[in-house]
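One structure is given below, encoded as structure tokens.
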Amino acid sequence: MEIRKAPPLVRDPADEPQIDTPVIDIQDLEHQPGSHSRMNSAGVEVLPQMNLSRENENASSAIEALERLLKESV
């Protein structure tokens, strides 16, 4: 007994589905660019950089003072 395979499916190229997506050109006329809305080339919002070195030093000294106080109380 011989097993027969189905013939390969042949499609007509004219019957291929085609989806046309319209391109909509939108311009935001109310947009006012400023430093709060700057974007870098990757599309990620650029946030202003803050220098926290003085705050970090103050926090470190406060933690050291708290540790000394806790050691003295024991």
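Working ranking of peptides 55-63, 16-24 by packing, defined as the average number of other Cβ atoms within 10 Å per residue, highest first, is 55-63, 16-24.
Can you give the extra length, in nm with one decimal, that the chain gains between Ile24 and Arg68 once fully stretched, where that is 0.36 nm per residue apart less the Cα-Cα distance? Each step should come with its number before you reach the end.
Details: separation 44, 0.36 × 44 = 15.84 nm, distance 6.59 nm.
Using 0.36 nm per residue and subtracting the Cα-Cα distance, I get 9.3 nm.
No value in this document is a laboratory result; all are computed from the given coordinates. Since this is a predicted model, take the numbers as computed values, not measurements. We place every Cβ from the backbone using ideal geometry, glycine too, and count neighbours over all the protein chains shown.
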